[in-house]
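Contents: one structure, followed by commentary.
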Amino acid sequence: MTLNRSNTPDSLMKSNFGPMLPIIKRELFSYFRSPVAYVFIIIFLISTTGTTWYLGNFYQSNEASLGIFFFFHPWLYLILISSVGMRLWAEDRRQGTIEILLTLPVPLYVAVLGKFLAAWLFIGIALLLTFPMILTTYYLGEPDGGIIFTGYVGSFLMGGAYLSISCFTSSLTKNQVISFITSFIICLVLVLLGWGVLTTSLVDFFPVWLSDLITQFSFTTHFNAIRRGEIDSRDVVYFLSIIGFMLLANILVLEHTKAS
Amino acid sequence: MIEVRKLVKKFGGLTAVDNITFEVKQGQVLGFLGPNGAGKSTTMKIITGFIPPTSGTIIVGGKDVGEDSLGVRRQIGYLPENAPAYSEMNVREYLRFIAEVRGMRGAERNRAVERVVEITSLDEVLHRIIDNLSKGFKQRVCFAQAMIHDPPVLILDEPTDGLDPNQKHEMREVIRGMGQTKTIILSTHILEEMEAVCTRAIIIANGRLVVDGTPDELAAMSRHHNAVMVRTIRPQDGLEAQLREIKGVASVEREDGKDVDGKGNAPTTYAVFPQSAQVILPEVSRFLESKKIEFLEIFAERGRMDEVFRQVTLHEEHS
C-alpha cells in the first residue's frame, strides 16, 4: 500500500521550492569556476582591511573595536556588491540560458530567490573571510564581542540590500556595464541620503519631518544604528523590506521583458 | 497532445503571431517552416511558457499553459534556438543540474544523465567544459538537456543547426525514433529535413499559418507535382512540340544544358507539365518508345518543396 502524496501541501512546497537548492548550488559553483570569485574575494579583503588601516588609521585610533572597519562598508559595497550582482541576470540573458532556466518547471520567484541567495551567500563568505580583523582587535585589546557580531550582521544585511538592487538592475539589461552603473548610482543615492554632510544641509531646504523622512530611506542611517551595536527591529525590517521590494521588482521585470 | 487555438502575439505594434490554430497528436512530428522572422520561434516560446501570448489558448497534455504553466513545462523538453547552456560547467555537471531542477536526485538523476548521454553520444566529452565544445556537441548537449526527463513532448527550435551532414543525419534518426511515441514540434528551414523527419508540416509567413499538411500534400501543391522530366543527350529538334501533343500534357519547358564535349552533346531537360496534376508518365514514356528517342533519364516529380515554400511565403509577404 503506497500513499498518494502528490496533493499534500508538503509535496507541493517541495515541488515548487525543490529546484531552489540546485539553482543555489549551480550559481555558487559557477562563481568559483571562474577566477572572478577569487579576484573578488581578494579585492574585498584588501579594500575592507586596507581602508580600516590606512584611511581609518585603525592603529592610531587606539580603540579595540571594528567601528572603523564597518564605517567604510557602505562606500565599498557600492563597487564590490554592484560588481557581484551585475552579472546575475544579464549573463543569463546574454548567453540565452534564461530561456532554459525559465522554461524548466521552476516558478519565477524560486529562480529569482535562488540566484539572489547564492550571490548573498557568496558575499557572506567574503565577509566571513575578514575574520583576521576580529582576531586583531582581540589581540590589541578587549573589544565588545556583541558589537562586533551585530556589525557583521548589519553589514551582511546591508550587503543583501545592495545586492537586491543590483539583481534588479541586472534583470533590466543584457549589458553588465549598464547594470553595474545603474546599481551603483541607485545605491550611491541611498548612501548619500544619510551622509552626515548632506543631512545637515537638508534641514536648510526642507522641513524637519521631510528631511527626517529622506534620511530614513538611507542605508547609512540604518547601518550606523546597527554598527553601534543596537539591533533595532526597524533597521532589520528596513533592509529586509528593501530586499523584498527589489526582488519583487526583479520578478516583475523578468515577467515582462524576459523574451526581449 | 498539443492544441494551439487562435494564438496571437503582439510586440508593441508588431504582430509576430497572427491567429494561429493547429493541433499535434502523439506520434506526430510536426515541422514548422517559414522565412526567418515569420513567428516560428515566438510560437515555440509561447508553447513552452517562456513568453505569454497576447491572446489565445494552448493546451499541452490536457493542461492549459495560461493556468498551469509548471504542469505544462514538466511535460515539455525544449531546445531553444542557438542551443544555450551554462558554458562554464562541464557536460555532466550541467546535465545533472537540469535533472535536479526537474526533481531527480541521486541514482535516478545519474540514470537519467546516462540515458541521454547514450542517446546523444556525448560520452567522450562528458568531462569537458561546454564552452570549449564544438557547435555540434553544444547542440547535442542542449538536446540531451531537453530529453533528460523523458518528456512526452519535445519542442525543438532548429535542432540540426550547426551540425555537419553526418551529425544532421544522426540527429534526424534520433528525432524520427522519438517521434514514434512522443509528440514533437521542430522548426527548420531545411526543406529536405522536413521531408525526412516530419509527418506533418506547417508553413508560417508573417505570423500567419499559410499551409498545414503532410509532406505529400505540400508536394502536391507544387507546379512540378507529377511533371515528367525527360533528359536527352542533346537537344532534339521539334521534341517540345511533339511532347505537347500527348494527351493530358499542358505545357513543356526546355532547359538547355552545357555543351559537355564540344561536339554538341548538351544534355537537355524537357519538363512536361500535366493538365490538372494527372499522371502522365506512362503516356510520355510510351511516346518516347514509339519514336525511338534516346533519353538519359525519365522520371515523374513528386513536387518541389522549395517552389511551394516560395510560392506560399512570397505570396503572403506581398499581400
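Numerical summary
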| quantity | calculated |
| --- | --- |
| Near pairs, Cβ below 7 angstrom, 6+ apart or cross-chain, from the range A:21-37 (farther than 17 Å from residue A:98 by Cα and facing chain B (nearest Cβ under 8 Å)) to any residue that is crowded, with 17+ Cβ neighbours inside 10 Å and at pLDDT 90 or above | A:33/B:88; A:34/B:88 |
| Residue check for residue B:264: under 30 Å from residue B:187 (Cα atoms) and assigned to a loop (DSSP other than H, G, I, E, B) | no |
| Hits in the range B:258-296 (condition: of a type in the set (S, T, N, Q), surrounded by fewer than 12 Cβ atoms within 10 Å (Cβ to Cβ) and within 15 Å of residue B:227 (Cα to Cα)) | B:275, B:276 |
| Subset of the range A:1-17 that is in a loop (DSSP other than H, G, I, E, B) and either more than 14 Å from every other protein chain (Cβ to nearest Cβ) or modelled with pLDDT of 85 or more (or both) - its residue that is surrounded by the most Cβ atoms within 10 Å (Cβ to Cβ) | A:8 |
| Residues (of a type outside the set (D, E, K, R) and either under 26 Å from residue B:309 (Cβ atoms) or modelled with pLDDT under 85 (or both)) located in the range B:224-238 | B:224, B:225, B:226, B:227, B:228, B:229, B:230, B:233, B:235, B:236, B:238 |
| Breaking point among (1) modelled with pLDDT of 90 or more; (2) farther than 14 Å from residue B:184 by Cβ, for residue B:25 | (2) |
| Odd one out for residue B:113, checked against (1) within 18 Å of residue A:18 (Cβ to Cβ); (2) part of a helix (DSSP H, G or I); (3) without any contact (Cβ under 8 Å) to a residue 60 or more places away in the chain; (4) at the interface with chain A (Cβ under 8 Å from one of its Cβ atoms) | (4) |
| Residue within the range B:27-41 that is out of contact with any helix residue (DSSP H, G or I) (no Cβ under 8 Å at 6 or more places or on another chain), in a strand (DSSP E or B) and farther than 23 Å from residue A:253 by Cβ present | yes |
| Test result for residue B:88, over 30 Å from the mean Cα position of the chain (by Cα), within 12 Å of another protein chain (Cβ to nearest Cβ) and either under 16 Å from residue A:100 (Cβ atoms) or among the hydrophobic types (A, V, I, L, M, F, W, C) (or both) | yes |
| Subset of the range B:57-73 that is within 25 Å of the chain's Cα centre (by Cα) and not in a loop (DSSP other than H, G, I, E, B) - its residue that is farthest from the other protein chains (Cβ to nearest Cβ) | B:57 |
| Residue tally, condition surrounded by 17 or more Cβ atoms within 10 Å (Cβ to Cβ) and aromatic (Phe, Trp, Tyr), over the range A:47-70 | 3 |
| Some residue of the range B:62-84 being over 19 Å from residue A:101 (Cα atoms) and touching a strand residue (DSSP E or B) at 6+ places or on another chain (Cβ under 8 Å) | yes |
| Residue A:81 being modelled with pLDDT of 85 or more and closer than 19 Å to residue A:163 by Cα | yes |
| Single condition residue B:45 does not satisfy, out of (1) in a loop (DSSP other than H, G, I, E, B); (2) at the interface with another protein chain (Cβ under 10 Å from one of its Cβ atoms); (3) not hydrophobic (A, V, I, L, M, F, W, C) | (1) |
| Some residue of the range B:81-88 being at negative phi and outside any loop (DSSP other than H, G, I, E, B) | no |
| Residue in the range A:102-116 that is without any contact (Cβ under 8 Å) to a residue 24 or more places away in the chain and either among the charged types (D, E, K, R) or over 20 Å from residue A:221 (Cα atoms) (or both) present | yes |
| Residues of the range B:104-141 satisfying the condition of being buried (at least 18 other Cβ atoms within 10 Å of the Cβ), under 30 Å from residue B:71 (Cα atoms) and among the aliphatic types (A, V, I, L, M) | B:104, B:112, B:113, B:116, B:117, B:122, B:130, B:141 |
| Helices (runs of 4 or more DSSP H) fully within the range A:142-260 counting 2 or more residues that are loosely packed, with under 15 Cβ neighbours inside 10 Å | A:145-171, A:176-192, A:196-205, A:208-216, A:233-257 |
| Selected residue [more than 14 Å from chain A (Cβ to nearest Cβ), under 28 Å from residue B:162 (Cβ atoms) and of a type in the set (Phe, Trp, Tyr)] from B:137, B:97, B:143 | B:137 |
| Residue count, the range A:128-141 (criterion: buried (at least 17 other Cβ atoms within 10 Å of the Cβ) and without any contact (Cβ under 8 Å) to a residue 60 or more places away in the chain) | 1 |
| Which listed residue, of B:94, B:78, is over 18 Å from residue B:187 (Cβ atoms) and buried (at least 23 other Cβ atoms within 10 Å of the Cβ) | B:94 |
| Residue within the range A:38-46 that is assigned to a loop (DSSP other than H, G, I, E, B), away from chain B (no Cβ under 14 Å) and buried (at least 16 other Cβ atoms within 10 Å of the Cβ) present | no |
| Selection count where residues are among the acidic types (Asp, Glu) and under 18 Å from residue B:215 (Cβ atoms), scope the range B:275-313 | 3 |
| Unmet criterion (only one of (1) under 16 Å from the mean Cα position of the chain (by Cα); (2) closer than 30 Å to residue B:154 by Cβ) for residue A:81 | (2) |
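The values are calculated or read from the model by the stated rules, or taken from the named source; none is laboratory data. In this text the structure is predicted, and so the values were computed from the model without any measurement. Cβ coordinates were reconstructed from backbone atoms using ideal geometry, including for glycine residues, and neighbour counts include every protein chain displayed.
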